[in-house]
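Below: the structure, in structure tokens.
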Amino acid sequence: MFKVKTLAVAATAVMAWCTAFGATPKYVFLFIGDGMSVPQRMTAEEFSRKSGAGSLAMNALPFSAMTRTCSADSLVTDSAAAATAIACGAKTKNHYSGVDPDGKPVYSSAVAAKKAGVKVGIVTTVTITHATPAGFYAHRNNRGDAYGISIDLADSGFDFFAGGGLDVSPKNSTNHVQYAKCGDAYEYVRSKGYKIVETKDQFLALKPGDGKVFTKFTNSALEYTIDADGSQPTLAEMVAKAAEMLDGDSGFFIMAEGGRVDWAGHANDAATNLRDVLALDAAVKVALEFQDKHPDDTLVVVTGDHETGGMSMGFAGTGYALYMDRLVNQTMSVGKFSEKVDAAFRAKPDLSFDDVKPIIAEAFGFKFEGDAKKDGMVLTEAELKGIVAAFDHDVKFHKSKIEENSKYDGEKRYLLGGECRVVMSHKCGIGWSSGAHTAMPVLTTAKGRCAEQFTGFIENTDISRIMKAFYE
Ligand SMILES: [Zn+2]
């Protein structure tokens, strides 16, 4: 007990020092990898080391804290409750965004920063109304209320929003009345003084003094990093632009989310997952370069909101071995692969397995000839059998769809992509226990002014508590 008390006193003393005059960070970067816990960080770490690029910047920060993620009503949090905890310091029910379990509004570190006269930027690779960014500005007891969250976004007065669009569509609006108003959501954002930027070129040309910014590169999420064709900005480019636009005497608070790490986790798609973690790490490097120029007054924090997929490094089939380098052979997300196969089916209804072999080889790097014992990318007899069985299922399924004259209804009903994904993970030694979130803690790492506070075993709400103290 004595030790615990001593630590508590020491932590309070550090905070007092940090929040003393002039000692709080003028510039704060808070990075959140959605669905990014230790396995996601370490898969990307080992992949990066194996490829010769060395350690991840986010893993090399000098301070770290194991961080508990549970929500008010479940050990397994959803992203809305997790964001509310990290942003507002309140444990709430799953699916609640910026409100407590009774539905009363709670306010974020970003709101505290704004009230203190600090510039605020919110950046994400998914829709800007998605659960993680919404936790910093919205107050809704339904994370799916994209229209209501859009209104809260425009009313926040924050200075900079970049990422996917508002995602105002029938599927994401809670009722038809809202949907009728959805077309007006972008107009409402514009009416609140935001300059709406629609292309990467326009975005990169923005200059400080251009006023409040809102990006609409798409109405939905940005592309996965592995699928990106360069027409949309990267997370690193968006963070660099945010820092450039918001720099000034008043300082800034920037929250940047690697949102699609989570989506690839739900899909159990390891190669796609790690490339989005690497994209987040590239954005962290931008913040660290900024910190090098402002070493005394910048704080960089990197955390996750929860783990997704029950990802593990080690699988029964590979025993005491991991083959991270094999992931380099995957060139597109499983979703993109399934779209390609669907297009092939549409072009040639009597598609044969020989027809899809080149698509499989292009997407995953699997080889259909050779000795699997000498070359790990050669499919074993059992792997090939599973892939062919999945393809045979898809042929029958596709024919039944044509007979019903019904539309393609998503990759879940098609098995080929899922089977290739499983084979890919197993070849690398990566296991998955879930298609959903897990209760694993996440790692929070930090560098710079007041980074000392991110140590030990903390709650996700502590991140908000520490950051709000900078402004209140
Ligand atoms: Zn999440």
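Here, each number is a calculation from the coordinates, and none is a lab measurement. Because the structure is predicted, anything quoted here is derived from the model rather than measured. Note that each Cβ is placed from the backbone with ideal geometry, even for glycine, and that neighbours are counted across all protein chains shown.
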Packing-based exposure ordering (other Cβ within 10 Å, fewest first) of LEU30, LEU246: LEU246, LEU30
Greater than 32 Å apart at Cα, pairs in LYS93/LYS119; LYS104/LYS447; LYS200/LYS293; LYS104/LYS336: LYS104/LYS447; LYS104/LYS336
Globularity index of the range 312-431, i.e. its alpha-carbon radius of gyration over 2.2 N^0.38 Å: 1.10
Packing-based exposure ordering (other Cβ within 10 Å, fewest first) of VAL28, VAL111, VAL261: VAL111, VAL28, VAL261
Label-point separation in nm, LYS357 to THR199, each point 7 Å along Cα→Cβ: 4.4 nm
For the range 75-86, Karplus couplings with θ = phi - 60° (6.51, -1.76, 1.60), whole Hz, Gly/Pro x: 5, 9, 7, 9, 6, 5, 5, 5, 5, 4, 5, 5
For the range 274-309 versus the range 192-266, the gap between their alpha-carbon centres in whole angstrom: 15 Å
Residue-averaged 222 nm ellipticity for the chain, from DSSP H runs of 4+ at -39500 (n - 2.57), nearest 500: -13000 deg cm²/dmol
For the chain, the Rg and Dmax computed from alpha carbons only, in angstrom: 23.0, 74
ASP350 versus LEU384: modelled label distance in nm, points set 7 Å from Cα along the beta carbon direction: 2.5 nm
Pairwise centroid distance, computed over Cα atoms, of the range 336-363 with the range 104-164, Å: 41 Å
Estimated distance in nm for a label pair at ALA60 and ASP371, the labels positioned 7 Å out from Cα along Cα-to-Cβ: 4.0 nm
Net lengthening on full extension, ARG465/GLU187 (0.36 nm per residue, minus Cα-Cα): 96.6 nm
